[in-house]
1. Any idea which of Leu62, Leu42 is touching a strand residue (DSSP E or B) at 6+ places or on another chain (Cβ under 7 Å) and either under 16 Å from Val108 (Cβ atoms) or crowded, with 20+ Cβ neighbours inside 10 Å (or both)?
2. Scan the range 27-36 and give yes if some residue there is under 21 Å from Gly149 (Cα atoms) and crowded, with 22+ Cβ neighbours inside 10 Å, otherwise no.
3. Under 6 Å between Cβ atoms, at least 6 apart or on separate chains: pull out the pairs that start in the range 91-119 with a residue that is closer than 16 Å to Val131 by Cα and end on any residue that is modelled with pLDDT under 95 and outside any helix (DSSP H, G or I).
4. Can you tell me which residue is surrounded by the most Cβ atoms within 10 Å (Cβ to Cβ) among those in the range 127-150 that are of a type in the set (D, E, K, R) and not in a strand (DSSP E or B)?
5. Does any residue of the range 91-112 turn out to be part of a helix (DSSP H, G or I), over 17 Å from Ile40 (Cα atoms) and either of a type in the set (D, E, K, R) or in contact with a His (Cβ under 8 Å, 6 or more places away or on another chain) (or both)?
6. Among the residues of the range 45-64, are any in contact (Cβ under 8 Å) with a residue 40 or more places away in the chain, in contact with a Phe, Trp or Tyr (Cβ under 6 Å, 6 or more places away or on another chain) and farther than 13 Å from Pro80 by Cα?
Amino acid sequence: MGMERTKPSTTAIIIIDVQQKLIPSMPVAQMDDLRRAARILLGAAAELGAPVMCTEQYPRGLGATDQAIAAELEPLSVTPLAKNTFSCCMDPAFLDALKATGADAAVVIGMEAHICVFQTVRDLCARGMRVDVAIDGVASRRDDHRRVGLGLCEKAGANLTTAETVLFDWMVQSGTDTFKKLSRLVR
């Protein structure tokens, strides 16, 4: 896919498996970055109308979505989808929910970069979607695994980006009420 500007209304923000029992295994700095990226993207979604999806891998074993992210999902009325497949796209309920959004593009964050994030991104790209992976929004237990996961996402056809890049691309210009409201997210 090309590098044309995505539209918030047709770009799904997908948050993959940021779950309470996995978080203690992640590097603290990566988790801080991931929560910040989620806050930026979910703030943009709330203001600009992007659909949001969130998944949980085997929640009975790995727990619920991170409380900070869950608090941002609540006003958007987003309920995490439970799954057992590593790729979200191997889960029929996820595919139905994605189709219902009408999105032809996705911005993906979550964990782990080299497992569920990579496998989902590969499958979304294979379905013909434009996929952007916010590198500040993905984590793996090990840095080398995170780097490999991001590299595989790019090889699969995804664009590597950041949450701020997506936010400013969607805002288009400064000086608007939307800019004043959303630029606070990056301070």
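The values are calculated or read from the model by the stated rules, or taken from the named source; none is laboratory data. All of these numbers come straight from a predicted model, not from anything done at the bench. With ideal geometry, Cβ positions are generated from the backbone for all residues, glycine too; neighbour counts draw on all protein chains shown.
1. Just a single option satisfies the conditions, and that option is Leu42.
2. Looking for residues that are under 21 Å from Gly149 (Cα atoms) and crowded, with 22+ Cβ neighbours inside 10 Å, one finds at least one in the range 27-36, hence yes.
3. Correct list of pairs: Ala105/Thr6.
4. Arg146
5. yes
6. The initial filter retains those residues of the range 45-64 that are in contact (Cβ under 8 Å) with a residue 40 or more places away in the chain, namely 47-55, 57, 59, 61-64.
Now drop any that are not in contact with a Phe, Trp or Tyr (Cβ under 6 Å, 6 or more places away or on another chain), which leaves 48.
So of that shortlist, the ones also farther than 13 Å from Pro80 by Cα come out as 48.
So far as the range 45-64 goes, yes, one or more of its residues are in contact (Cβ under 8 Å) with a residue 40 or more places away in the chain, in contact with a Phe, Trp or Tyr (Cβ under 6 Å, 6 or more places away or on another chain) and farther than 13 Å from Pro80 by Cα.
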